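The values are calculated or read from the model by the stated rules, or taken from the named source; none is laboratory data. Bear in mind that the values here come from a model prediction, so they are computed numbers and not experimental data. Heads up, the Cβs are rebuilt from the backbone with ideal geometry, glycines too, and the neighbour counts pull from every protein chain shown. The area values use the complete protein model at the heavy-atom level, side chains included, leaving out ligands, DNA and RNA. Shrake-Rupley method; radii C 1.70, N 1.55, O 1.52, S 1.80 Å.
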Amino acid sequence: MWLELHEGFRDHPKLGRLARALGVGRAQAAGHVALLWTWTMSHAPDGDLSSYDDGDIEEGAGWEGAPGAMVSAMVSARWLDKGRRGVVVHDWLEYYGS
């Protein structure tokens, strides 16, 4: 499998919001998003992460900071959506799940 990455990714406002929320640079934030996406491809191909806890998701994204900080920041920046059942990757099936 492969993942399509658009040229606008590096300058997307959501990436800047994530970087600021985590206190990291844009390149590190981009790495966490990319790691999360590739982990999702293997572990939740439909983008539904509700069967995983925050620790699992953060490990998949390569986060080594404060527990819960990455998932919270990704929800705030809209890389992840929090639903009734749990967390899902924002617009996963529209962009990456095909």
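Annotations for the structure displayed:
- As a length-normalised measure over Cα pairs under 8 Å and 6 or more apart, the relative contact order of the chain settles at 29 percent.
- Figure note: LEU22, LEU35 ranked by solvent-accessible area, largest first, 1.4 Å probe, ligands and nucleic acids not counted: LEU35, LEU22.
- Positive contributions from Lys and Arg (+1) and negative ones from Asp and Glu (-1), summed over other residues with Cβ under 12 Å from the Cβ of VAL89, come out at -3.
- Going through (1) 14.0, 41; (2) 12.2, 33; (3) 14.2, 49, the figure that equals Rg and Dmax of the Cα atoms in Å as computed for the structure here is (2).
- Computed label-point distance, nm, for sites ASP91 and GLU4 using a 7 Å Cα→Cβ extension: 1.2 nm
- The dipole here belongs to the stretch 37-76: it is taken about the Cα centre, uses +1 on the Cβ of Lys and Arg and -1 on the Cβ of Asp and Glu, and is about 120 debye.
- Average accessible surface area per residue within the chain, 1.4 Å rolling probe, Å²: 59 Å²
- The Cβ shell under 13 Å around GLN28 holds other residues with a net charge of +2, Lys and Arg each +1, Asp and Glu each -1.
- Evaluated with a Cβ-only charge set (Lys, Arg +1; Asp, Glu -1), the chain carries a dipole of roughly 420 debye about its Cα centre, given to the nearest 20.
- Prolate/oblate/rounded label for the stretch 49-88 (Cα gyration tensor, a/c 1.5): oblate
- Value of [θ]222 nm, deg cm²/dmol, for the chain, DSSP H segments ≥ 4, -39500 (n - 2.57) each, nearest 500: -14000 deg cm²/dmol
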